């Protein structure tokens with residue numbers, strides 16, 4: 001793995017302590033999606049008592065209560081980005097939460113919670129990295145549907161590797177040719193289904 005890689009972006013299914021342990025052992029930070037009822041705590045920042053164990057937490061996070069969250073920016077009309085450093089009870093570490101809040105036409109609030117275990121990374125970059133993940137999903141979808149990524153029946157790791165490479169190269173070559181033929185002022189949009197029909 002290249003040394004420049006610092007983050008692993010994964011779906012919400014991977015918000016698990018066992019997975020996080022493996023990611024941390026690889027010297028990576030995890031960016032993933034959270035359920036809105038995830039068990040998170042506010043970190044106590046008030047005065048310390050001289051007697052007894054120091055207080056660590058200030059209570060459970062309620063994502064509908066924005067008074068603790070820091071407003072970052074308006075991503076698009078009606079969608080605002082908030083952030084805060086919290087404690088994850090599942091991962092047992094501090095995380096940076098990036099919270100997208102959208103007010104629905106019926107007045108209800110829709111929350112999307114993203115976390116990063118690197119608390120120094122700004123919320124805007126957490127959002128950018130998580131959105132970039134979906135571009136990879138399109139590649140795998142097209143490769144499975146149109147270039148036979150999942151059609152190999154071999155058990156040899158060398159033959160499987162060759163098959164996967166051939167499938168993804170075929171997809172990349174199709175994209176490259178479609179891009180070179182694109183001459184209109186409209187932005188380039190690639191559809192493997194349309195390319196295959198042509």
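The values are calculated or read from the model by the stated rules, or taken from the named source; none is laboratory data. Only a predicted model underlies this, so the values are computations on that prediction, with no experimental measurement involved. Positions of Cβ are generated from backbone atoms using ideal geometry, with glycine treated the same way; all protein chains shown enter the neighbour counts.
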Problem set entry | Checking residue 15 against (1) surrounded by 12 or more Cβ atoms within 10 Å (Cβ to Cβ); (2) out of contact with any strand residue (DSSP E or B) (no Cβ under 6 Å at 6 or more places or on another chain); (3) at pLDDT 80 or above; (4) farther than 17 Å from residue 121 by Cα, the condition it does not meet | (2)
For this session: Please work out if residue 115 is touching a helix residue (DSSP H, G or I) at 6+ places or on another chain (Cβ under 9 Å) and assigned to a helix (DSSP H, G or I).
Result: no
Seminar exercise, completed: Taking the range 5-44 and keeping residues closer than 17 Å to residue 116 by Cβ and in a loop (DSSP other than H, G, I, E, B) leaves 5, 6, 10, 11, 15, 16, 26, 27, 28, 35, 38
Exercise. Out of all the residues in the range 128-140, is one or more touching a strand residue (DSSP E or B) at 6+ places or on another chain (Cβ under 6 Å) and either farther than 30 Å from residue 14 by Cα or modelled with pLDDT of 90 or more (or both)?
Worked result: yes
Seminar exercise, completed: Going through the range 167-197 in order, the residues found to be in contact with a helix residue (DSSP H, G or I) (Cβ under 9 Å, 6 or more places away or on another chain) and over 17 Å from residue 135 (Cβ atoms) are 167, 170, 177, 193, 194, 195, 196
Exercise. Which residues, taken from the range 145-183, are over 28 Å from the mean Cα position of the chain (by Cα), closer than 21 Å to residue 198 by Cβ and not in a helix (DSSP H, G or I)?
Worked result: 182, 183
Exercise. Restricting attention to the range 22-42, does a residue exist that is modelled with pLDDT under 80 and either assigned by TED's automatic domain parsing to the domain that holds residue 120 or surrounded by 13 or more Cβ atoms within 10 Å (Cβ to Cβ) (or both)?
Worked result: no
Exercise. Scanning for something exposed (fewer than 15 other Cβ atoms within 10 Å of the Cβ), on the phi < 0 side of the Ramachandran plot, outside the structural domain of residue 11 (by TED's automatic domain parsing) and touching a helix residue (DSSP H, G or I) at 6+ places or on another chain (Cβ under 7 Å), does the range 154-166 turn up at least one residue?
Worked result: yes
Exercise. Taking the condition at pLDDT 90 or above, in a loop (DSSP other than H, G, I, E, B), surrounded by 11 or more Cβ atoms within 10 Å (Cβ to Cβ) and outside the structural domain of residue 192 (by TED's automatic domain parsing), does residue 121 pass?
Worked result: yes
